[in-house]
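Structure first, commentary second.
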């Protein structure tokens, strides 16, 4: 199916860039603010990266359908409560549910989640991935941001500087990504 057309014949909300960069004991998750529908920018300052969990110790960013992402944020928060804030365990349990539950299986989103111990990518296929080299990116501009961050990581150690520059590169190249960046650090 063409990614620009939903099964219902409507043009879906499209595009974003989320990046996670882990260096030493710091992890940064950053995302742009653009929400597009087809070729139209519907909102330039959406907040796609946020703190979740009881004490805000987990940072999560999403790419995909907004309502689906909020559903997944809520489910992940419940799993974090259930498993005493253990992100890896909560993520694995969410991924299992996401892949097997009839309702969740239809959700169209990807997530990058991080706490002080882990940086993970979660998918609806049941994947819980720890990225190579401590850098992960998702969304329409994700590959641009990922390539930029990998190149920067050879000579830059500050994860915030890497994430900000990688997001700037993605915004310059991807028409579905803008320079209105939300950034959270754990």
- Quick one: is residue 165 more than 14 Å from residue 28 (Cβ to Cβ), in contact with a helix residue (DSSP H, G or I) (Cβ under 9 Å, 6 or more places away or on another chain) and at pLDDT 95 or above? no
- Selection from the range 117-129 of residues that are closer than 15 Å to residue 58 by Cα and touching a helix residue (DSSP H, G or I) at 6+ places or on another chain (Cβ under 9 Å): 117, 118, 119, 120, 122
- Per the filter on the range 151-179, residues touching a strand residue (DSSP E or B) at 6+ places or on another chain (Cβ under 6 Å) and part of a helix (DSSP H, G or I) are 159, 160, 162, 163, 166, 167
- Message: On the basis of being modelled with pLDDT under 90 and either closer than 20 Å to residue 172 by Cα or loosely packed, with under 13 Cβ neighbours inside 10 Å (or both), does residue 10 make the cut?
- Response: yes
- Among residues of the range 140-149, those that are closer than 20 Å to residue 66 by Cα and either outside any loop (DSSP other than H, G, I, E, B) or in contact with a helix residue (DSSP H, G or I) (Cβ under 8 Å, 6 or more places away or on another chain) (or both), counted: 2
- Item | Considering residues of the range 14-37 that are in contact with a strand residue (DSSP E or B) (Cβ under 7 Å, 6 or more places away or on another chain) and surrounded by fewer than 16 Cβ atoms within 10 Å (Cβ to Cβ) only, the residue modelled with the highest pLDDT | 26
- Query: Does the range 106-129 hold any residues that are assigned to a strand (DSSP E or B) and either touching a residue at least 12 places away in the same chain (Cβ under 8 Å) or buried (at least 21 other Cβ atoms within 10 Å of the Cβ) (or both), and which are they?
  - Reply: 109, 110, 111, 112, 113, 114, 119, 120, 121, 122, 128
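The values are calculated or read from the model by the stated rules, or taken from the named source; none is laboratory data. What you see is a predicted model; the values in this text were computed from it and never measured. Positions of Cβ are backbone-derived with ideal geometry, glycine not excepted, and every protein chain shown enters the neighbour counts.
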